[in-house]
Amino acid sequence: MRETEVAEPDRARIRAGDRAAFGELYDRYARAVYNHALRLTGNWAEAEEAMSETFLAAWRTRETVEPEGGSLKPWLLGIATHKAYNANRGLRRRLAFLARSPEPRPVEDFAEETAGRIDDARRLAVVHRALSRIGRQDREVLALCVSAGLDYRQAAEALGVPVGTVRSRLSRARARLARLSVEEQGRTGTEPPRVHGEMESEAALAALFLREETR
């Protein structure tokens, strides 16, 4: 999905702490940051938290923005990648605690309220199970290049690695994930969404990614 139709904020204004410029930055990239975090965490609440933490960190580190350059999207997605990883670690700790806790009492069934999201939740589970079976670094470059639409140079900027490293990680991740996607779809019976265009030859890979949230 394209970024919200808001002009790219001026880097000098961002560095100077111009709040209006940060508002423009948020309006333009909040959805992209959220979707990126969602793919890495596999959890809507964790993605919301990672998005909030990303823009808070961006504000705090605004002076690190280079005076000259193009889109600020790689900078934000680099922060979001780190925040999503931290969110995942926090989630694992909470799950470990709950596993040791007494079983909770039954609660009221809210199925009717959540029915509209069941299919997406199932797809997201398939996505995240497959992604969790590849290395963290490969997963990150896959999310940045395939889903967020960054080119090799932008992904390298986001991750702070050489362009050649991005290329090799992406090639490895595509091969690994294509195999895993077939396994996960066969295991769950989940029908992947149709894909078109240049990624058709990698349908098993592209099918793993949910349509972006349009909230």
- Item | Highest-first arrangement of 79-85, 16-22, where packing means the average Cβ count within 10 Å | 79-85, 16-22
- Message: Considering only protein heavy atoms and a probe of 1.4 Å, how much of the accessible area of region 1-72 is carbon and sulfur, as a whole percent?
- Response: 47 percent
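If a/c stays under 1.5 just call it rounded; otherwise compare a/b with b/c (prolate if a/b is bigger, oblate if not). Do that for region 1-80, with a ≥ b ≥ c from the square roots of the Cα gyration tensor eigenvalues.
Because a/c hits 1.5 or more and a/b exceeds b/c, region 1-80 counts as prolate.
The values are calculated or read from the model by the stated rules, or taken from the named source; none is laboratory data. None of these values were measured; they are calculated from a predicted model. We place every Cβ from the backbone using ideal geometry, glycine too, and count neighbours over all the protein chains shown. The area values use the complete protein model at the heavy-atom level, side chains included, leaving out ligands, DNA and RNA. Shrake-Rupley method; radii C 1.70, N 1.55, O 1.52, S 1.80 Å.
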